[in-house]
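Every read-out reported here was derived from the displayed coordinates using simple, explicitly stated rules and does not represent laboratory data. These numbers were taken from a predicted model, which means no experiment stands behind them. So basically every Cβ, Gly included, is an ideal-geometry build from the backbone, and we count neighbours across all protein chains shown.
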Amino acid sequence: MHIHSLFHTIQTFREIIMSFFHLGFLFILIVISSGPRISESARVFTIINDCKETIWPGITPGDNFNGGGFSLKPGQSMVFNAPVGWSGRIWGRTGCNFNKNGNGPCQTGACGTTLQCKASGATPATLAEFTLSTLDFYDVSLVDGFNLPMSVKPINGKGNCSTAGCDGDLRPNCPAELAVKSKGKTIGCRSACDVFNTDEYCCRGVYGNPVTCQPTYYSKKFKEVCPASYSYAYDDPTSIFTCSGTDYVITFCSPRKQPVCTYHNNKLVCSGSNGVKSFIGTNWLVMLAIVLMINLWIVSPT
């Protein structure tokens, strides 16, 4: 390819991107010319902390997720790959104080006293659940209570692929009888089952089926704030979602409709300009795209 033609193509590429900016949105697919290829059967999980505080995500089983736990400072993110067949849960821990050996307590969501979780988190904890198969099932559950806003957005999948989660904050208006406090501040909102331990609230005994286990005063309160989350055990119709061949972006403390990005098979796929900005600035994105295109053409046969 001649240099003149190369830079003409680059300029055209840049003009296309800038025209997208002027329209007020961005949906970019960048082909990257190097790096390891990810199996089409794998799911890419991008976990983002948009909270104003450090959080410590917990994952079980965690073999594909840094052993089941790690820290994320405000604005940080981490990317993992999970194979089809993985079934597990992801939640956030708050107020942790781990020593250099990865041992210590957490105010909410603790899985014992270790950074890397081998067991489920203590209640209350907002919980994302996944079953990866030909058709994935996923949801965000408040059955174990609430400690952080959390959303699950599938990207580049086929099917329903709705965004699940609770981007509202239940803590400020948590009923007093459910509130978990630290130094006078509500840090979590327990479920009615966890607090009162009755068959009605826990959907067991004669209430152990979807006909007799109906929404209660407390689950309705949860549902008002978090319409795309499980508010009680049989809240299936509006709370569990399906998607095929998708990747997932799990974001703490961010609106469910906020655009996000994911990498898969050497491609960066973004759902909108704000999602791109959460990874890199707009101007740097244009420069990166041009550099990557040059790199691709240089190493490609003419």
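Determine, from the Cβ-Cβ distance of residue 107 and residue 162 and an R0 of 30 Å, the FRET efficiency 1/(1 + (r/R0)^6), rounded to the nearest 0.05. The pair residue 107/residue 162 has a calculated efficiency of 0.45. Near residue 103, once Lys and Arg are set to +1 and Asp and Glu to -1 for all other residues with Cβ below 15 Å from its Cβ, the sum equals +3.
Given 0.36 nm per residue, what is the gain on full extension from residue 84 to residue 220 after removing their alpha carbon distance, in nm? Please report the intermediate quantities before stating the final value.
Working: separation 136, 0.36 × 136 = 48.96 nm, distance 3.43 nm.
Gain on extension, residue 84 to residue 220, equals 45.5 nm.
The smallest convex shape that holds all Cα atoms of the range 160-199, its convex hull, gives 100 Å³ per residue. Per-residue 3J(HN,Hα) values for the range 207-219, derived from phi via the Karplus relation 6.51 cos²θ - 1.76 cosθ + 1.60 with θ = phi - 60°, read 9, x, 8, x, 7, 8, 8, 10, x, 10, 4, 6, 5 Hz in sequence order (x marks Gly and Pro). Packing around the peptides 111-120, 93-102, taken as the average count of other Cβ atoms within 10 Å per residue, puts them in this order, highest first: 111-120, 93-102. Amide H to amide H, with H built 1.01 Å from N, residue 96 comes under 5 Å of 107, counting only residues 5 or more places away or on other chains. Residues whose amide H lies under 5 Å from that of residue 260, counting only those 5 or more places away or on a different chain, are 271, 272, 275; hydrogens are built 1.01 Å from N in the peptide plane. In this simple spin-label approximation, residue 182 and residue 116 carry label points 7 Å from Cα along the Cα→Cβ vector, and these lie 2.4 nm apart. Descending by average beta-carbon neighbour count within 10 Å, the peptides 237-244, 41-48 line up as 41-48, 237-244, the highest first. The lysine pair tally for the range 99-234, using Cα distances under 25 Å and a gap of 8 or more places or different chains, is 11.
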